[in-house]
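This report concerns only the one structure given below.
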Amino acid sequence: MAHMQVFGDDALGELDAVAVAEAIEAGTISRSEAIEAAIDRTARVDPALNALAGESFDRARARANRPYGGFFDGVPSAIKDNSDVAGLPTMKGSDAWRPFPVAADGDFTRLFFATGLNIVGKTQMSEFGFSASAEHPRLGPVRNPWHPQHTAGASSSGSAVLVATGAVPIAHANDGGGSIRIPAACTGLVGLKPSRGRLPLEAEHAEMPIKIVANGVLTRSVRDTAAFYREAERAWRNRRLPAIGDVTGPAHQRLRIAVVTRSIRRDSAPEVREATLKAAALLETLGHHVEPLEELPVRPSFVDDFVLYWALLSMALVRGGRKRFGASFDRTRLDNLSLGLDRHAARNLHRIPTAIARLATTRRSLAAVHRRFDVVLTPTLAHETPPIGALDPMADYEQVIDRLIDWVAFTPLHNITGDPAISLPLAQSSTGLPIGMMFSAPLGQDARLLELAFELEAAAPFARIQDS
């Protein structure tokens with residue numbers, strides 16, 4: 001099957017979210033025309049790629065008929081199905097309970113809507129967000145528009161599909177182990193996991209012992225990501241973090257950048273390593289000081305501790321399912337990965353406090369790196385995007401978790417430290433699949449990453465699916 005994209009000569013054209021907002025403001029297109037184009041495009045994409053968890057087309061049409069305010073007022077979007085939207089069910093990538101409409105918008109959803117975005121629906125994800133590939137046994141896999149036999153990557157993959165194909169210009173994503181950055185890398189998008197606390201969380205994420213989840217967006221342009229954070233900050237600001245402000249281009253300051261191609265347990269695949277070194281060379285031509293590092297100073301136990309922490313979260317969902325999701329909850333309908341994580345936690349309860357304590361010190365262990373370098377460059381993922389089936393969540397648990405650890409080797413670190421990290425589509429594999437490069441910075445320095453992203457986008461324009 002060839003690449004799938006739905007760019008055309010309708011109201012959305014090839015516009016990014018900022019351009020759509022500007023066209024609506026200028027009267028070149030109407031809110032209704034924008035949403036009708038997005039609905040039509042989404043309806044063409046979804047049967048082949050399985051991006052939607054549920055549509056809300058009539059709701060979107062009704063909202064398009066009246067202004068809501070915000071810079072993005074009327075711009076079509078979508079929200080991931082682990083955030084509550086009043087009147088719609090929240091299924092979190094599962095079908096283990098009967099859907100029921102939630103009563104109120106979640107905290108992040110209110111902020112998202114305050115920017116003016118209008119959703120066509122909720123997007124498909126892996127069950128509870130635990131897998132780096134959405135391949136539910138009954139809901140089906142979310143497919144990569146660049147090559148539909150491959151995964152679209154991680155639990156925000158449904159949102160990534162809608163943005164990458166042109167169905168909508170911007171969509172919600174969140175990241176508890178890489179799920180903004182991984183689908184961005186797989187589908188050729190910009191994906192910033194912001195600093196911890198930059199955006200509000202849903203209650204269940206805010207209550208975690210270590211708040212590993214961060215909300216954000218997936219976009220096709222750096223300016224869309226920067227504009228979203230500018231508008232979000234106007235609606236809701238965490239005063240404990242430096243403001244991002246209105247980032248509109250590169251900074252003049254040249255940065256000290258470390259390049260690392262080896263994760264805690266493995267080196268990246270040769271093609272990915274080569275792409276990372278090419279990105280480092282590009283940075284040098286732009287005047288930045290780039291220095292190779294053999295590896296980051298992270299405890300060897302980090303991977304096992306992180307998996308055990310995820311297992312604790314799974315156990316809370318699996319064993320608290322009836323209380324959380326209602327009497328219809330049926331744990332036998334959960335996939336093997338969710339159930340395997342639950343078993344792993346149950347077998348290792350005595351180790352969990354120590355694991356959490358070690359994870360909590362991880363940020364301190366990176367302090368020396370942050371004193372020497374302004375930014376760290378790594379690949380987003382250790383090897384090329386796998387085909388559908390390689391991360392089948394119904395396979396043996398040990399097989400699935402080993403393959404996940406092998407592929408998702410770089411992203412979880414920033415969920416533990418809380419530091420911001422952005423994936424940029426700076427390379428492609430020999431088979432034409434996007435390869436993401438990841439840039440991270442100390443807590444609060446999100447603006448630095450956006451400035452660098454603007455510079456790299458101008459120096460090495462991102463490959464576009466509609467041109468391939």
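Summary table below
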| read-out | value |
| --- | --- |
| Residue match in the stretch 427-434 (condition: in a loop (DSSP other than H, G, I, E, B) and open to solvent by 40 Å² or more (accessible area, probe 1.4 Å)) | yes |
| The stretch 34-70: number of residues that are in a loop (DSSP other than H, G, I, E, B) and among the hydroxyl-bearing types (Ser, Thr, Tyr) | 2 |
| Looking only at the stretch 271-295, and only at residues there that are open to solvent by less than 70 Å² (accessible area, probe 1.4 Å) and part of a loop (DSSP other than H, G, I, E, B), the one that is nearest to Ile210 (Cα to Cα) | Leu293 |
| Single residue of Ala447, Ala463 found to be of a type in the set (Gly, Ala, Ser) and either assigned to a helix (DSSP H, G or I) or surrounded by 20 or more Cβ atoms within 10 Å (Cβ to Cβ) (or both) | Ala447 |
| Some residue of the stretch 111-132 being within 30 Å of Leu317 (Cα to Cα), without any contact (Cβ under 8 Å) to a residue 60 or more places away in the chain and touching a Phe, Trp or Tyr at 6+ places or on another chain (Cβ under 9 Å) | yes |
| Out of Phe72, Phe7, Phe57, sole residue that is touching a Ser or Thr at 6+ places or on another chain (Cβ under 7 Å) and either under 26 Å from Ala152 (Cβ atoms) or among the aliphatic types (A, V, I, L, M) (or both) | Phe72 |
| Matching helices (runs of 4 or more DSSP H) fully within the stretch 336-383 where at least 3 residues are in contact with a strand residue (DSSP E or B) (Cβ under 9 Å, 6 or more places away or on another chain) and within 30 Å of Leu426 (Cα to Cα) | 367-372 |
| Options Ala346, Ala360; residue that is under 25 Å from the mean Cα position of the chain (by Cα), surrounded by fewer than 15 Cβ atoms within 10 Å (Cβ to Cβ), farther than 30 Å from Gly287 by Cα and among the hydrophobic types (A, V, I, L, M, F, W, C) | Ala360 |
| Selected residue (only one of Asp246, Asp267 is open to solvent by 10 Å² or more (accessible area, probe 1.4 Å), over 21 Å from the mean Cα position of the chain (by Cα) and either more than 25 Å from Glu457 (Cα to Cα) or at pLDDT below 95 (or both)) | Asp267 |
| Of the criteria (1) part of a loop (DSSP other than H, G, I, E, B); (2) closer than 23 Å to Ala19 by Cα, which one Phe112 fails | (1) |
| Selection from the stretch 156-210 of residues that are β-branched (Val, Ile, Thr), under 15 Å from the mean Cα position of the chain (by Cα) and surrounded by fewer than 24 Cβ atoms within 10 Å (Cβ to Cβ) | none |
| Count of residues meeting criterion [under 30 Å from Ala258 (Cα atoms), acidic (Asp, Glu) and open to solvent by less than 40 Å² (accessible area, probe 1.4 Å)] in the stretch 296-339 | 1 |
| Members of the stretch 389-417 found to be outside any helix (DSSP H, G or I), of a type in the set (A, V, I, L, M) and surrounded by 19 or more Cβ atoms within 10 Å (Cβ to Cβ), listed by number | Leu391, Val408, Ala409 |
| Close pairs (7 angstrom Cβ cut-off, 6 or more residues apart or separate chains): modelled with pLDDT under 95 in the stretch 2-25, in a helix (DSSP H, G or I) and open to solvent by less than 20 Å² (accessible area, probe 1.4 Å) anywhere | His3/Ile465 |
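Here is a yes/no grid of residues against (1) open to solvent by 20 Å² or more (accessible area, probe 1.4 Å); (2) among the small types (Gly, Ala, Ser); (3) modelled with pLDDT of 95 or more; (4) closer than 28 Å to Leu15 by Cα:
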site: Ser56; (1), (2), (3), (4): no, yes, yes, yes
site: Ala62; (1), (2), (3), (4): yes, yes, yes, yes
site: Gly69; (1), (2), (3), (4): yes, yes, no, yes
site: Phe72; (1), (2), (3), (4): no, no, yes, yes
site: Pro76; (1), (2), (3), (4): no, no, yes, yes
site: Lys80; (1), (2), (3), (4): no, no, yes, yes
site: Ser83; (1), (2), (3), (4): no, yes, yes, yes
site: Ser94; (1), (2), (3), (4): no, yes, yes, no
site: Thr109; (1), (2), (3), (4): no, no, yes, yes
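The values are calculated or read from the model by the stated rules, or taken from the named source; none is laboratory data. All values derive from a computational prediction rather than experimental measurement. Methodologically, a virtual Cβ is constructed for each residue, glycine included, from the backbone with ideal geometry; neighbour enumeration extends over all protein chains shown. Surface accessibility is based on the protein's heavy atoms, side chains included, excluding ligands, DNA and RNA. Shrake-Rupley method; radii C 1.70, N 1.55, O 1.52, S 1.80 Å.
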